[in-house]
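See below for the structure under consideration.
The values are calculated or read from the model by the stated rules, or taken from the named source; none is laboratory data. Computed from a prediction, not measured in an experiment: that's the story for all the values here. When we count neighbours, we look across all protein chains shown, and the Cβ atoms used for this are built from the backbone with ideal geometry, even at glycine. Keep in mind that these areas ignore ligands, DNA and RNA; they rest on the heavy atoms of the full protein, side chains included. Shrake-Rupley method; radii C 1.70, N 1.55, O 1.52, S 1.80 Å.
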Amino acid sequence: MSFFGKSDTAQRKDMTLFHILGTGAELPRSEFVALAPGANAPLLPLDLPPGLKGQTRERVAKRQLTDAYGGSAGGAEIRLADLAGTKKLTSRGLVAAGRDRQAWCDEVKSADGLCRAILPDYLALPTAVGCWTLEASDGVIRARLGPEDGFAAEPDLALSMLEVAYRVEPPNVVLRLGAYSPLIDGFISERNLKLADSPDKIAAMGLPKPLALAHGEMSLDLSREPGADAAALRNALRPYRLTAVMGLLALALWSGSVILETRELREQALTYRRNAESILRETMIPAGPILDIRAQVTKLMDDRRQSEASKSNENRPLDVLAAAGGILSGDDVRVTRVGYQSNGGLLIDLQVADFASLDELVLNLRETGINLNVAQSGTRENEGVGATLALGLEVRRGSQ
């Protein structure tokens, strides 16, 4: 069984029409895909750094292929291939000589736009992940080694390439098409590979069904100039270039004004802080670090409020003396001296008849709310009991 058939034009069950180039056959009168000799348009491996993108990747890929396989940089046309349709960076490039590509384009020029694409013949073979498709026809082996790889070569070279690919990753199944080939069929038999002669039989095995042109092959259309998509995009964006430039200029001006305004605000904030620190040094924090103005000032104000509240509970010495005067002016009490100490309050020397009278006097003073202590006491000859009372300046509220 041959995938393309023996004629120069073949039609698949899914209605995709193929036309083999270089045979001189009449072009189809409906849409078709033209197939170029795969040996003249190989897929070659690349080793591209992961950070490269766009035209930079294409230039690096072209330089790699030129260095590895020779030839002038202007003669080889390269298309980066992502045949699996994944988001991974391309690891292969489709290479064709510019003169060959132009000859293929000239051959289909008279098709009046019916040619959908020009592809290497091996890219038209159906394939799936884990499936190798091998076709022998006209002394050429066409191979599709999964969605991302393929080639067309003479049997001896094809056998060497298959042996290398097998060592890297053996297939799960082989779709065998075309004529018998001793080398290729011997390779399959020696390794006892699972074999099928149609995509439907592979699907019946429970494996992914091989499909043609379902893995991004049309993106490698050789009828288009390399970089044509990028050029078309540049042409489409050219009318918007002035608008974009003006927008960028406006953004730059706005950004500059914001930066200047931000700088002025920072300088103003720094000036305010310096002024605030100067005022604090003069009034509230003469020494020590000023780390957080708001927190430190709040703490100082709270401390001062508590201090004022504490002082409000204190009475002036004359007020305390007035509160005690009614008791100290009794007939049995004689005050001999009154003194004042800033840290001790009022000191009153007095004489009473006896210790019982002294105890009663102290009790009466304390009942009025006066905080006092008996600093000293003792008997005096013919004068009763002498004592010194230390009266604090605090009087309990509601006791005066």
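A single member of Tyr180, Tyr122, Tyr166 is outside any helix (DSSP H, G or I) and hydroxyl-bearing (Ser, Thr, Tyr), and it is Tyr180.
Report yes if some residue within segment 85-96 is touching a Phe, Trp or Tyr at 6+ places or on another chain (Cβ under 6 Å) and farther than 14 Å from Ala41 by Cβ; otherwise report no. No, because not a single residue in segment 85-96 is touching a Phe, Trp or Tyr at 6+ places or on another chain (Cβ under 6 Å) and farther than 14 Å from Ala41 by Cβ. How do the pairs read when you match residues in segment 91-111 that are in the same structural domain as Thr23 (by the TED database) with residues anywhere that are of a type in the set (Ser, Thr, Tyr) and not in a helix (DSSP H, G or I), using Cβ under 6 Å and keeping only pairs 6 or more apart or on different chains? Matching pairs, first to second residue: Cys105/Ser223.
Take the conditions on the phi < 0 side of the Ramachandran plot, in contact with a helix residue (DSSP H, G or I) (Cβ under 9 Å, 6 or more places away or on another chain) and at pLDDT below 80 and apply them to Ala212. Does it pass?
Against the criterion (on the phi < 0 side of the Ramachandran plot, in contact with a helix residue (DSSP H, G or I) (Cβ under 9 Å, 6 or more places away or on another chain) and at pLDDT below 80), Ala212 does not qualify.
Just to be sure before I move on: is Ser329 of a type in the set (Ser, Thr, Tyr), farther than 13 Å from Leu389 by Cβ and at pLDDT below 75 in the structure I sent? No; evaluated as a whole, the condition is false for this residue.
Criterion first (in contact with a Lys or Arg (Cβ under 9 Å, 6 or more places away or on another chain), at pLDDT 80 or above and either surrounded by fewer than 20 Cβ atoms within 10 Å (Cβ to Cβ) or not assigned by the TED database to the domain that holds Leu27 (or both)) does Leu114 satisfy it? So Leu114 fits the description; yes.
When you look at Ala179, is it open to solvent by 10 Å² or more (accessible area, probe 1.4 Å) and under 47 Å from the mean Cα position of the chain (by Cα), yes or no? Step through it out loud before you land on a result.
Details: open to solvent by 10 Å² or more (accessible area, probe 1.4 Å): yes; under 47 Å from the mean Cα position of the chain (by Cα): no.
Judged against the criteria, Ala179 is not a match.
Does Met301 qualify as being at pLDDT 75 or above, open to solvent by 80 Å² or more (accessible area, probe 1.4 Å), more than 30 Å from Leu350 (Cα to Cα) and not hydroxyl-bearing (Ser, Thr, Tyr)? Criteria not met by Met301. Of the candidates Ala97, Ala25, the single residue that is surrounded by fewer than 16 Cβ atoms within 10 Å (Cβ to Cβ), in contact with a Gly (Cβ under 7 Å, 6 or more places away or on another chain) and at pLDDT 80 or above is Ala97. Of all residues in segment 147-158, those satisfying the criterion of being free of Cβ contacts under 8 Å to residues at least 60 places away in the same chain, surrounded by fewer than 21 Cβ atoms within 10 Å (Cβ to Cβ) and not charged (D, E, K, R) are Pro155, Leu157.
The number of residues in segment 134-155 that are hydrophobic (A, V, I, L, M, F, W, C) and within 15 Å of Phe187 (Cα to Cα) comes to 5.
Taking Gly378 as the residue in question, decide whether it is modelled with pLDDT of 80 or more, over 60 Å from the mean Cα position of the chain (by Cα) and open to solvent by less than 80 Å² (accessible area, probe 1.4 Å). Lay out the reasoning, then the answer.
Details: modelled with pLDDT of 80 or more: yes; over 60 Å from the mean Cα position of the chain (by Cα): yes; open to solvent by less than 80 Å² (accessible area, probe 1.4 Å): yes.
The answer is yes for Gly378.
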